[in-house]
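Before any comments, here is the structure.
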Amino acid sequence: MSRSTAHRLAALLAPVALLLPTAAHAETVVTEDPAGDARAWTYFQEFQFVEAPEEASVDVIRTAAALGKRRLSVAVHFRDLEVRPRHETLLRIWTPRDTFDVTAQRLSARRATASLARQRGEAFGCRGLSVGYDGAADTVALSVPTRCIGSPRWVRLGVRSIASPEADPEAQTMTTYFADDGHRGGIRENSIGKGPRIRRG
């Protein structure tokens with residue numbers, strides 16, 4: 001392994017290691033997503049997606065994940081995680097028995113929050129659930145206790161990001177939203193791309 005490759009890999013895995021020191025021996029699975037494949041729509045044209053290659057704040061380029069005995073750790077890397085009035089990252093977790101959604105949200109520059117719910121269900125408490133937004137590293141890092149998702153022997157992940165820009169109060173235009181799917185080019189209305197199976201380490 002070259003020195004440059006080693007440095008790149010270390011930088012990629014750093015958010016995972018910081019959130020999940022107990023998963024040091026778990027396999028880390030890295031998936032890539034094309035740059036420039038974000039999509040846009042307005043409130044009155046919902047799900048009529050148009051290409052938005054210049055929007056970098058939602059443009060997922062890489063996801064690194066590790067499933068340890070106690071925690072699932074995920075680092076979602078963006079092309080440029082600039083501050084938006086609202087930025088949301090959805091992590092969908094498929095397990096052998098159930099499906100869960102972790103929603104991380106940051107409003108402007110406020111502290112990010114995270115919630116956990118069964119798919120199409122209400123959020124429920126999960127002590128130890130955490131999220132970190134790192135603008136310098138363009139990364140959203142999530143840590144999910146495995147006990148909250150049934151301590152599965154494997155998971156598959158979906159990633160979707162959504163953001164809205166600052167509205168111009170004097171402009172007579174509709175609010176625009178941007179989105180990207182971390183495991184497929186573009187985005188679809190009723191589905192989210194699945195990454196590879198990640199086994200418990």
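The values are calculated or read from the model by the stated rules, or taken from the named source; none is laboratory data. Only a predicted model underlies this, so the values are computations on that prediction, with no experimental measurement involved. Please note: Cβ atoms are built from the backbone with ideal geometry, for glycine as well, and neighbour counts cover all protein chains shown. The accessibility values were calculated without ligands, DNA or RNA, using every heavy atom of the protein model including side chains. Shrake-Rupley method; radii C 1.70, N 1.55, O 1.52, S 1.80 Å.
Here are a few things to note about the model shown:
- About the Cα centre, charge dipole magnitude for the stretch 76-201 (Lys/Arg +1, Asp/Glu -1 at Cβ), debye: 1060 debye
- Approximate spin-label separation ALA123-ARG111, in nm, with each point projected 7 Å along Cα-to-Cβ: 1.4 nm
- Cα centre as origin, Lys/Arg/Asp/Glu Cβ charges: the stretch 55-98 dipole, Debye: 400 debye
- Accessible area per residue for the stretch 97-201 is 56 Å², calculated with a 1.4 Å probe on protein heavy atoms, without ligands, DNA or RNA.
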